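J.: Pasting in a structure now, in structure tokens, and then I'll have a few things to ask.
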Amino acid sequence: MNGMNFLDLVKARYSVRSYRPQAVEREKVEYLLECARLAPSAVNFQPWRFFVVASDARREALRRCYHREWFAEAPLCIAVCVDESVSWKRKSDGHDHADIDAAIAAEHICLAAAEQGLGSCWVCNFDVPLCREALELPATLRPVVLIPVGYPADAPAQKKRKSPDEVAEWR
């Protein structure tokens, strides 16, 4: 998949919900993490921490946070967490940009995974207290998204997207 333009990469990325048991090479995981590390963040505060969950014991603990068979198939999971004590807050209304920063970094991981021939999926509907316990997170960190990563065992379905006129306006 290397050498594709950005639109082709975006079209190639999909939510993978079936993974082959093949391990993901460490250098590919490090590539994903580097892409996330270089993601933009509000005022460049970089309030994120990334946890690669690859050991069998830790993966089993994490599975209790999200009960889907396909989630358990992934050979590893990257937990994207934020530290709200260091995230930027907009002065005009106090809005905390921690989740936005985490989302940008998470999507960098997903796009980088697609570029490397790997599959991923956003998981946000998980049990946060159980996740905190499974990852043994300090009180300052909050998990935002879990991203299972592995080699896809399924094929992408047709993407359902609104038309350009439904999502964009020229003023």
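J.: Do we have Arg49 as at negative phi, over 15 Å from the mean Cα position of the chain (by Cα) and either surrounded by 15 or more Cβ atoms within 10 Å (Cβ to Cβ) or at pLDDT 95 or above (or both) here?
T.: Spelling it out, it is not the case that Arg49 is at negative phi, over 15 Å from the mean Cα position of the chain (by Cα) and either surrounded by 15 or more Cβ atoms within 10 Å (Cβ to Cβ) or at pLDDT 95 or above (or both).
J.: Return the residues of region 32-46 that are touching a helix residue (DSSP H, G or I) at 6+ places or on another chain (Cβ under 9 Å) and either surrounded by fewer than 16 Cβ atoms within 10 Å (Cβ to Cβ) or not hydroxyl-bearing (Ser, Thr, Tyr) (or both); say none if nothing qualifies.
T.: Residues of region 32-46 that are touching a helix residue (DSSP H, G or I) at 6+ places or on another chain (Cβ under 9 Å), as a first pass: 32-42, 45-46.
Across region 32-46, the qualifying residues are Leu32, Leu33, Glu34, Cys35, Ala36, Arg37, Leu38, Ala39, Pro40, Ala42, Phe45, Gln46.
J.: Restricting to region 132-152, give me the number of residues that are surrounded by fewer than 22 Cβ atoms within 10 Å (Cβ to Cβ), touching a Ser or Thr at 6+ places or on another chain (Cβ under 8 Å) and not in a loop (DSSP other than H, G, I, E, B).
T.: 1
J.: Under 6 Å by Cβ, and 6 or more places apart or on different chains, what pairs join a residue from region 89-107 that is over 10 Å from Val144 (Cβ atoms) with one that is at pLDDT 95 or above and in a helix (DSSP H, G or I)?
T.: Matching pairs, first to second residue: His97/Ala42.
J.: I've got another one for you. Residues of region 141-169 being more than 24 Å from Tyr14 (Cβ to Cβ) and at pLDDT below 95, which ones?
T.: Across region 141-169, there are no qualifying residues.
J.: Here's something else I'd like to know. State which residue is surrounded by the most Cβ atoms within 10 Å (Cβ to Cβ) when the search covers only region 111-128 and only residues that are out of contact with any Gly (no Cβ under 9 Å at 6 or more places or on another chain) and under 17 Å from Val53 (Cα atoms). Full working, then the answer.
T.: Restricting attention to region 111-128, the residues satisfying the condition of being out of contact with any Gly (no Cβ under 9 Å at 6 or more places or on another chain) are 111-112, 114-117, 121-128.
Imposing the further condition that a residue be under 17 Å from Val53 (Cα atoms) reduces the set to 121-124, 126-128.
Working: Cys121: 23, Trp122: 16, Val123: 19, Cys124: 13, Phe126: 19, Asp127: 14, Val128: 13.
Of everything passing the filter in region 111-128, Cys121 is surrounded by the most Cβ atoms within 10 Å (Cβ to Cβ).
J.: Does any residue in region 143-171 that is farther than 30 Å from Pro47 by Cβ and in contact (Cβ under 8 Å) with a residue 40 or more places away in the chain come within less than 8 Å, Cβ to Cβ, of a residue that is acidic (Asp, Glu) and not in a strand (DSSP E or B) six or more places away or on a different chain, and which pairs are these?
T.: Ala153/Glu73
J.: So, one more: Out of all the residues in region 77-84, is one or more surrounded by fewer than 20 Cβ atoms within 10 Å (Cβ to Cβ) and within 16 Å of Leu146 (Cβ to Cβ)?
T.: No: region 77-84 contains no residue that is surrounded by fewer than 20 Cβ atoms within 10 Å (Cβ to Cβ) and within 16 Å of Leu146 (Cβ to Cβ).
The values are calculated or read from the model by the stated rules, or taken from the named source; none is laboratory data. As the structure is a prediction and not an experimental result, all values here were calculated from the model. We place every Cβ from the backbone using ideal geometry, glycine too, and count neighbours over all the protein chains shown.
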